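Q: My questions all concern the structure below.
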Amino acid sequence: MNKRERNKVLSDKLVGSVVDYWPEIRDAAARSLKHKVSDFLPPDPTMALALGCGYWGCAWQTGDKRFVVKASLDATEGPNVARAMKLFRKNPGIAYYHRLWRLPNRVMTSDFGNTHVWIMVREEVDFAKQYSKTRKDDPAQGYVKVYNTLNVLPDCCECLFWTRFGSKRGECEPGELKAAQENLYKLTASLKKTPGQYVGSMIESAWKKHGLLLGDAHFDNVGSRVHNLSEFGVKRHNKLVVTDLGDSGQPPLTTDQYTMPKDVPGT
C-alpha cells in the first residue's frame, strides 16, 4: 500500500468514526462560538467542506471563517493540545485552540494501536503564503530558512522524545541527550529573524518550561495568522504559528502509554 492509499484508508476510518457523533460535534462546536448549528456545519461530515486530510487528521471549514473543526487520530495531539490550552493558550507562536473534545469510541491504527479520536475547534491559518506563486511545492523566498529548520526538527528531537518517556527505544546516553538538546536550541535560535520567530520561541519555551516537545512542527504544520482574534485575547500578527501539536514526526506511543492530563479545558 503506497502513502496515498494508506492516507485514504486512515481518512476513511477517521470520517467513519466521526459520523455517529457528528450531531453532537456540530452542536457543541457551534455553541462554543455562539453560532446557530444550521449555519455552522452541515448535518453530515461528508457534506462539509474538507480543507484537507493529512496523515492522521482532517479539517473542515465552518460557518465562522476564522475557525475550522479538526478531527485527529494522533495519540499525542489531543494531550498536547490540552496541555497547550492550559499552559500557553495565547502564546503568539501557537494557533488558537478554542475547544477540544475526546470521542468515546476508538479506532485501530497500525502505528498508534487502539487510539482515541480527538475533535478540535482551531483558528484557521493561511498555508498558501508559505509557497511561491510559480511552484506550490517550493517554499516562498522568505520562508526557505523556516522550511529548512523545521523539516529537520523531528530528527533532531527524536532522542529527546523517547528519553522523556523513559523508553528503551532510541534511548540516549547522557552526552547524546545534552547534544540533542543543544541542537534543539540552535534550531529554534535560527528562527529568530524569520517569519517563524514566534514558532521558534514557543518550541523552545515549551521544552524548557514544561518538557513539552513539539517535534512535529514541520513546515507543513505551520501557517500564517490571518484573522483578528483579539476578542479571545489572542495577539494579532501575520507571522507563523504551529497548527499541529503532535510530539514527533515518527510513529510515537499508543494511547494507553500516553496519558491525558486530568483537566482538559473546553471538554
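Q: Over region 128-242, what is the relative contact order in percent, taking alpha-carbon pairs closer than 8 angstrom and at least six residues apart? Provide the component values of the computation, followed by the final result.
A: Details: 145 pairs, mean separation 28.9, N = 115.
That works out to 25 percent.
Q: Quick one: net charge of ALA189's neighbours, Cβ under 15 Å, K/R +1, D/E -1? Could you put the intermediate results ahead of the total?
A: Details: positive: LYS145, LYS186, LYS192, LYS193, LYS208; negative: GLU182, GLU204.
The answer is +3.
Q: Also, quick follow-up: Most exposed first by the Cβ proxy, i.e. fewest other Cβ within 10 Å, how do THR149, THR194 rank?
A: On the way: THR149 23, THR194 18.
Least to most surrounded, the residues fall as THR194, THR149.
Q: As an exercise, find the ratio Rg/Rh for region 128-242 from alpha-carbon atoms, using the Kirkwood inverse-distance average for Rh.
A: Details: Rg = 15.5 Å, Rh = 15.2 Å.
Rounded to two decimals, Rg over Rh is 1.03.
Q: For LYS178, give me every one of the aspartates and glutamates with a C-alpha distance below 12 angstrom, ignoring sequence neighbours fewer than eight places off in its own chain.
A: none
All of the numbers you see were taken from the coordinates with simple rules; none came from a lab. Because the structure is predicted, anything quoted here is derived from the model rather than measured. Backbone-built Cβ (ideal geometry, glycine too); neighbour counts: all protein chains shown.
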